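Engineer: So that we are looking at the same thing, I have put the structure below in structure tokens.
The values are calculated or read from the model by the stated rules, or taken from the named source; none is laboratory data. Here the structure is a predicted model, which is why all the values come from computation and not from measurement. Glycine gets a Cβ as well: all are built from the backbone with ideal geometry, and neighbour counts include every protein chain shown. To get the accessible areas, we keep the full protein, side chains included, count just its heavy atoms, and leave off ligands, DNA and RNA. Shrake-Rupley method; radii C 1.70, N 1.55, O 1.52, S 1.80 Å.
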Amino acid sequence: MGRTYIVEETVGQYLSNISLQGKAFVSGLLIGQCSSQKDYVLLATRTPPKEEQNENLKHPKAKLDNLDEEWATEHANQVSRMLPGGLLVLGVFIITTLELANDFQNALRRLIFAMEKSMNRKRLWNFKEDEVSERVILHICSSTKKISCRTYDVHDPKSSARPADWKYQSGLSTSWLSLECTIHIDIHIPLSSTSVNYTLEKNTKNGLIRWAKQIENGVYSINGQVKDEDSDLLEGQKKSLRGNTQATSHSFNVQVLTQLLLNSDHRSTATVQICSGSVNLKGSVKCRAYIHNNKPKVKDAVQAVKRDILNTVADRCEILFEDLLLNEIPEKKDSEKEFYILPYRVFVPVPGSSVKLCDYKFGDESPEEIKDHFIEMLDHVIQIEDLEIAEEINTAYMSSSMNNEASLENKDDKQLEQPIKTTIVLKIRQNIGVIAAFAVAVLAAGISFHYFSD
């Protein structure tokens, strides 16, 4: 038996209002949440056309196999940044005037695999083996209104299509639960004599991968209580006359405790490393996740929070690097320290839902730019007065230590020949030092915790 997709009615209205306007097809993304029993679809958004596609609207003979995989995948990457914890790109939809030919079905299959691979590459976390790995392709024939819904297991390259049920429901997410926390980050990333030749982006990503393990292994308290992961999130909540569990509040406060010392059962060895500089990430970031109210488990809520923490820090860094590249900000030749403000987070409500989407904003960006970004990426008009500023400006920043004395020491022939493949190149010059990592396992008498959140 295939999966069941419970779909917000407004999604059906959105899809029915899409006009082909002479084009061979219109495609887009389906956004929602997976659960063990069924999946929930909250939003659909069409992929914005390229400029050259707009110019060719008078030539509808553009073949269905002209689906731009790279463009659609980049759209999925951009949209995934705007999703809080618990929400994912669940698949794609396509609207055509004709039935799908087999070759185009294969193109769509390749597309959802490419999307998943691209989004996974940017994440600091991995899906677990027992998680839902099926992604959906929804086809709508505009002339017959016939709907075809199929899924593929994106963790199995040889998987074949499986039929799925597509059912509409009104008010699907009006009472979904939100989980909120504030994380105080203080991430120190030492740069070895080898990594000094890498880009600032790559060094930062490597450091965040190590930090992510702390977040993954942390202890999470919800409303001041550490609960068994298999227990119901709403356990102990009041029940209505119908017997359904009702949350006394739709919002939960989450605190994160991370281990500072290794357990005495773990062995550790001291290492000495030549240090050529460092990258530091400091500040406070707001995190938010949403989960369905159909008997949610504590482990699902905690997982959604964890992933939002990891996503929002990684996304801010990536957006910063893209901004440096876009604005062609030169390397500071006469400074020993680079200092960059990370973008801060804003939330926007989804009409008729308790769920809010997000975006990131630099201090010099106007609310109108955020509004335009929502229209472009999510095909969704927002009201500027509805913008919720989650954080103060300049609450989180990145700095990198440099030493201009040795700026030419690492520019050997091999380095100069190396192709530049990442988004921004900022050479970290040498500042030779030694970092010694202590053998904490021998000294640890127990486990101490450090509060990352208020």
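Engineer: Report the extension gain between GLU99 and THR4 in nm, rounded to one decimal, defined as 0.36 nm multiplied by the number of residues separating them, less their alpha carbon distance.
Structural biologist: Stretched fully, the GLU99-THR4 segment lengthens by 31.9 nm.
Engineer: Provide SER36, SER353 ordered by accessible surface of protein heavy atoms (probe 1.4 Å), highest first.
Structural biologist: These residues rank, largest area first, as SER36, SER353.
Engineer: Follow-up question, since we're still on this one. Once you sort the root eigenvalues of the Cα gyration tensor of segment 118-229 as a ≥ b ≥ c, which label holds: rounded (a/c under 1.5), prolate (a/b larger than b/c) or oblate (the other case)?
Structural biologist: In terms of gyration-tensor shape, oblate.
Engineer: Please work out how much accessible surface LYS299 shows to a 1.4 Å probe, ignoring ligands, DNA and RNA, in Å² rounded to 10.
Structural biologist: 90
Engineer: Determine the gain in length on full extension of the stretch SER221-ALA114; use 0.36 nm per residue of separation and subtract their C-alpha separation, reporting nm with one decimal.
Structural biologist: Here the answer is 34.9 nm.
Engineer: Please compute the length gained on full extension between GLU235 and GLU74, using 0.36 nm multiplied by the number of residues separating them and subtracting their Cα-Cα distance.
Structural biologist: Here the segment from GLU235 to GLU74 would lengthen by 53.9 nm.
Engineer: Quick one: how many Å² of GLU388 are accessible to a 1.4 Å probe, rounded to 10?
Structural biologist: 50
Engineer: Under a 1.4 angstrom probe, counting protein chains only, how are ILE274, ILE137 ranked by accessible area, largest first?
Structural biologist: ILE274, ILE137
Engineer: Next question, about the same structure. Over 32 Å between C-alpha atoms is what I'm after, so list which of LYS205/LYS299; LYS227/LYS286; LYS158/LYS356; LYS213/LYS356 land there.
Structural biologist: Result: LYS158/LYS356 exceed 32 Å.
Engineer: Another one. Can you put TYR340, TYR198 in order of accessible area, largest first, using a 1.4 Å probe?
Structural biologist: TYR198, TYR340
Engineer: Also, I was wondering about something else. Does segment 285-402 come out rounded, prolate or oblate by the C-alpha gyration tensor, with a ≥ b ≥ c the root eigenvalues, rounded set by a/c under 1.5 and, if not, prolate when a/b is larger than b/c and oblate if not?
Structural biologist: oblate
Engineer: Label points 7 Å out from Cα along the Cβ direction at GLN273 and GLN13: separation in nm?
Structural biologist: So the label points at GLN273 and GLN13 sit 5.4 nm apart.
Engineer: By its C-alpha gyration tensor, with a ≥ b ≥ c as the square roots of the eigenvalues, how is segment 85-147 shaped: rounded for a/c under 1.5, else prolate for a/b larger than b/c, else oblate?
Structural biologist: It comes out prolate by the Cα gyration axes.
Engineer: Okay, moving on. Report ARG307's accessible area, 1.4 Å probe, all protein chains in place, as a number in Å² to the nearest 10.
Structural biologist: 30
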